[in-house]
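Have a look at the structure below before the remarks.
What follows is calculated from the coordinates using simple rules that are stated; it is not laboratory data. The structure presented is a predicted model; accordingly, all values stated were derived computationally and were not measured. We place every Cβ from the backbone using ideal geometry, glycine too, and count neighbours over all the protein chains shown.
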Amino acid sequence: MLTSALAGLGLGLSLIVAIGAQNLFVLRQGLRREHVLVVAVICTVSDVVLILLGVSGVGLALQALPWLVTMVRWVGAAFLLGYGVLAFRRALRPTGEAMRIAEGEVAGGEPGDTAVAVRTAAAPTVLACLALTWLNPHVYLDTVFLLGSVASTHGADRWWFALGAALASTLWFFALAFGARLLGRWLSTARAWRILDVVIGTIMVVLAAHLAFSG
């Protein structure tokens, strides 16, 4: 049981700890300190659901529907391209999103904490988080198909494997979301945020192109 759980933990971390659209979104929300808990919970719960689907054998059934993966791939590519364009737009035309370091700016915070000039409503953030999670075909290929296939090799202990993988997702998303604030001091100027948005936009466009032409 323990061996299967550790195997799930290791594979889960190896699949999730990578520069991708979802992780960049979580990182950005953590840096901005906007709806951090909600984003971390959505990503974690979504991953756990996908892990359970894969371990339960649903992944094998979905392999009989290749058109579904193709549809998700194109919709996901379009969304990533749009998100990348918005990031480039923020870099060219800042709207007060630069984080400021000033004593007492964060309500209930400590001296030196960071604050955000303009806050985004919860609904758009939740929708963006859900889209970046569920419109990414790699999530299905990695979490449902690959992880589910490896879990099946553990026989009766496959649910312990699933538990380890779910723990990996939980640890990663919460650590990324709430640990991002440690980078706040290096992103305390509008110029730093412009550079970050250029990096995010570039990665999003590259990922969109990869999705569109990798089928």
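How many angstrom separate the Cα center of the range 74-88 from the Cα center of the range 134-212? Comparing the Cα centres of the range 74-88 and the range 134-212, I get a distance of 17 Å.
Cβ-to-Cβ counts within 10 Å put Met204, Met1 in ascending order as Met1, Met204, the fewest first.
As a calculated quantity, the FRET efficiency between Ala78 and Val198 at R0 = 22 Å, using C-beta atoms, amounts to about 0.55.
For Leu15, Leu132, the sequence from fewest to most other C-beta atoms within 10 Å is Leu15, Leu132. Full extension of the chain segment joining Leu141 with Leu6 gains 46.5 nm, where the gain is 0.36 nm per residue of separation less the Cα-Cα distance. Computed from the C-beta positions of Ser56 and Val126, the FRET efficiency with R₀ = 25 Å rounds to 0.45.
So if R0 is 41 Å, what FRET efficiency would Val38 and Thr153 give, r being the distance between their Cβ atoms, rounded to the nearest 0.05?
0.70
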